[in-house]
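Asker: There's a structure below that I have some questions on.
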Amino acid sequence: MLRVGVLASGRGTNLQAIIDACNNKMINARVVAVVSDKENAYALERARKHGIEAYYVDASDKEKHERKIDEIFESHGVELAVGAGYMRILSPWFIKRWYGKLINIHPALLPSFKGIDAQRQALEYGVKITGCTTHFMDEKPDHGPIILQAAVRVKEDDTRDSLAERILKVEHQILPRSIDLFEKGRLVIEGRKVKILPGDSWLEKYSYPDVFYSEGY
Ligand code: GAR
């Protein structure tokens with residue numbers, strides 16, 4: 001079973017989606033440690049409720065913060081680290097150590113709307129379609145090789161929150177699926193591209209009618 005370590009700064013609904021997918025045997029994985037840079041992040045509470053080791057790691061000193069995360073993940077034998085709403089930029093040192101086994105979810109179709117509040121950026125820009133992306137993290141924020149994407153329609157009367165909510169539901173699908181593909185050894189990084197080796201599909205099993213999923217979902 002793949003040992004997953006999760007980084008989260010907020011309420012942790014993506015973390016919950018991963019935990020649920022593990023419990024429902026949708027993925028052959030187990031969350032073994034959750035780390036947050038926010039002491040009161042609800043993500044930590046969710047982890048504890050499920051008997052998962054949860055750590056608040058102070059981030060006032062970035063280097064110490066990342067060394068501690070590394071130590072925690074190493075001590076739990078983490079094989080895949082997942083950014084699930086972790087709102088910090090990791091330093092090249094950490095990225096290098098975890099490259100190829102460090103993935104992230106972003107609430108936009110990268111490379112559009114990188115950074116903070118991508119849903120608001122998309123709405124204010126006036127795009128008609130946005131979505132979410134999972135990718136391997138590299139040294140530039142929201143930049144590494146893309147694993148999966150899913151497109152979500154922007155509605156005429158959307159607010160930032162209604163749009164974010166619809167995207168979030170899809171994040172909860174593509175993030176566990178990305179972990180699943182990793183666990184099955186189906187992700188091959190070739191430069192900027194991630195080749196997805198043939199195998200099963202979640203399209204028939206878990207998809208929403210209005211959403212357009214990239215190959216591999
Ligand atoms: C999610 O929408 C995630 O994509 C986003 O933060 C939210 C966390 O929600 N991440 C980023 O914007 C990273 N740049 P959650 O805590 O409920 O999972």
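Quick note: the coordinates plus some simple rules give every number you see, no bench work behind them. Everything numeric in this text was worked out from a predicted model, so none of it was measured. Backbone-built Cβ (ideal geometry, glycine too); neighbour counts: all protein chains shown.
Asker: Per-residue counts of other Cβ atoms within 10 Å, averaged by peptide: what ranking do you get for 57-64, 24-31, 168-175, highest first? Don't jump to the answer; show the numbers that get you there.
Answerer: Working: 57-64: 12.2, 24-31: 17.0, 168-175: 21.6.
Averaged packing, sorted descending, gives the order 168-175, 24-31, 57-64.
Asker: Also: Is the C-alpha gyration tensor of segment 49-178 telling us rounded, prolate or oblate? Criteria: a/c under 1.5 is rounded; beyond that, a/b larger than b/c is prolate, otherwise oblate. Intermediate results must be reported in sequence, preceding the final value.
Answerer: On the way: a/c = 2.03, a/b = 1.88, b/c = 1.08.
Here segment 49-178 falls in the prolate category.
Asker: Let me ask something else. Express the relative contact order of segment 82-217 as a whole percentage, based on alpha carbon pairs under 8 Å and six or more residues apart in sequence.
Answerer: Values: 216 pairs, mean separation 29.3, N = 136.
Relative contact order, segment 82-217: 22 percent.
Asker: Which ³J(HN,Hα) values in Hz, rounded to whole numbers, follow from the phi angles of segment 63-72 under the Karplus curve 6.51 cos²θ - 1.76 cosθ + 1.60, where θ = phi - 60° and Gly and Pro get x?
Answerer: After applying 6.51 cos²θ - 1.76 cosθ + 1.60, I find 5, 5, 4, 6, 5, 5, 4, 4, 4, 4 Hz.
Asker: Hey, another quick one. Give the percent of DSSP beta bridges with both residues in the chain that are antiparallel, rounded to the nearest 5.
Answerer: Values: 17 of 34 bridges.
If I count the DSSP bridges inside the chain, around 50 percent turn out antiparallel.
Asker: When a/c is below 1.5 the answer is rounded, else prolate if a/b is larger than b/c, else oblate, so apply that to segment 114-217 with a ≥ b ≥ c taken from the square roots of the Cα gyration tensor eigenvalues. Numbers along the way, then the final one.
Answerer: Working: a/c = 2.53, a/b = 1.43, b/c = 1.77.
Oblate shape, in that a/c is at least 1.5 and b/c is the bigger or equal ratio.
Asker: May I ask you to evaluate 6.51 cos²θ - 1.76 cosθ + 1.60, the Karplus curve with θ = phi - 60°, for each residue of segment 162-168 and list the ³J(HN,Hα) values in order in whole Hz, giving x for glycine and proline?
Answerer: Values per residue, Gly and Pro as x: 5, 5, 4, 4, 5, 5, 4 Hz.
Asker: By the scheme Lys and Arg +1, Asp and Glu -1, what is the net charge of all other residues having a beta-carbon under 10 Å from that of Asp117? Show your work: numbers first, answer last.
Answerer: Working: positive: Arg120, Arg160; negative: Glu124.
Net local charge, Asp117 excluded: +1.
Asker: Let a ≥ b ≥ c be the square roots of the eigenvalues of the Cα gyration tensor of the chain; is it rounded (a/c under 1.5), or, if not, prolate (a/b larger than b/c) or oblate?
Answerer: On the way: a/c = 1.44, a/b = 1.25, b/c = 1.15.
Since a/c stays below 1.5, the shape of the chain is classed as rounded.
Asker: For segment 89-167, run through the GluC sites (Glu not before Pro) and keep only the ones in DSSP coil with at most 11 other Cβ atoms within 10 Å of their Cβ.
Answerer: Working: sites: Glu124, Glu139, Glu156, Glu165; in loops: Glu139, Glu156.
Sites meeting the loop and neighbour criteria: Glu156.
Asker: Can you check what the net charge comes to around Val57, using other residues whose Cβ is under 14 Å from the Cβ of Val57 (Lys, Arg +1; Asp, Glu -1)?
Answerer: Numbers: positive: Lys38, Lys62, Lys64, Arg67, Lys68, Arg88; negative: Asp37, Glu39, Glu53, Asp58, Asp61, Glu63, Glu66, Asp70, Glu71, Glu74.
Combined, the nearby Lys, Arg, Asp and Glu give -4.
Asker: Quick one: Karplus J couplings for segment 30-37, per residue in order, coefficients 6.51, -1.76, 1.60, θ = phi - 60°, nearest Hz, x for Gly and Pro?
Answerer: Values per residue, Gly and Pro as x: 9, 7, 9, 7, 10, 10, 10, 8 Hz.
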